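The values are calculated or read from the model by the stated rules, or taken from the named source; none is laboratory data. Predicted model, so just to flag it, every value in this text is computed and none were measured. For neighbour counting, all protein chains shown are included, and Cβ atoms are generated from backbone atoms with ideal geometry for every residue, glycine included.
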Amino acid sequence: MKVPYRDFDRLVSFFSKVPGIGSRGALRVVLYLAQMDPSKIRNLAKALLNVVDGAERCALCNNLSFSRLCWVCSDEERDRSLIMVVETVMDLLVMEETGYRGLYHVVAGLVPSIRKIPDREKSKSLSMLLRRLDGVREVILAFPYTVRGESLAKFFHQALLEKDVLVSRIARGIPTGAEVEYMDASSLSYALSRRERL
Ligand SMILES: [Zn+2]
């Protein structure tokens, strides 16, 4: 499926690299944009440039920010004794939907596909976290139960062991609404071993 027009093709190829879109999705996006009112497209381009030019990382937690401190760190209502360590900004945004009201520490980049974090980045991120443990009672490691997630959890846990702070990790188990018969054995067995008394 191809439209023989170079700029159109460049746009499709650009959008197809966005995680979760794919080549057919990219084609849909570009076809949609191509039929939009030109003034709306100009406003969209302006907004995109503003976001790109204004985006930086929060000096405290490494979240996406448009000023020195991000919207979470500058929120006075947050529980400052809790820090949740997440891999990416996308993970932070998903965690926000749970109603969590503590602070965060973001380990890696903005895009979920850039999941391979170089050791140098990891160490830099760790020292950034260790510098802000004053008054913190708990650090929650919110890494997935994958090979990469396990290795990150181990890395942060080991470094935090000597610190006077409680370290916890988000639980794994049966997702809400999932049927037991469709669960994989590893998640089920973990859920069973961590069962709660009623
Ligand atoms: Zn922040």
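For the condition within 12 Å of the ligand (Cβ to nearest atom) and surrounded by fewer than 18 Cβ atoms within 10 Å (Cβ to Cβ), residue 137 does not qualify. Exactly one residue among 40, 2 is at pLDDT below 95 and surrounded by fewer than 13 Cβ atoms within 10 Å (Cβ to Cβ), and that residue is 2. Consider the stretch 117-144 and keep the residues that are touching a helix residue (DSSP H, G or I) at 6+ places or on another chain (Cβ under 8 Å) and at pLDDT below 90. The one that is farthest from residue 84 (Cα to Cα) is 117.
Looking at this structure, is residue 96 within 16 Å of the ligand (Cβ to nearest atom) and surrounded by 15 or more Cβ atoms within 10 Å (Cβ to Cβ)? Here the answer is no, as residue 96 does not meet what is asked.
Restricting attention to the stretch 43-93 and to residues that are surrounded by fewer than 17 Cβ atoms within 10 Å (Cβ to Cβ) and of a type in the set (Ser, Thr, Tyr), the residue that is farthest from the ligand (Cβ to nearest atom) turns out to be 81. Considering the stretch 156-177, the residues that are part of a loop (DSSP other than H, G, I, E, B) and among the hydrophobic types (A, V, I, L, M, F, W, C) include one that is farthest from residue 126 (Cα to Cα), namely 174.
Looking at 191, 142, 108, 153 in this structure, which one is more than 24 Å from residue 64 (Cα to Cα) and of a type in the set (Gly, Ala, Ser)? Being more than 24 Å from residue 64 (Cα to Cα) and of a type in the set (Gly, Ala, Ser) holds for just one of 191, 142, 108, 153, which is 191.
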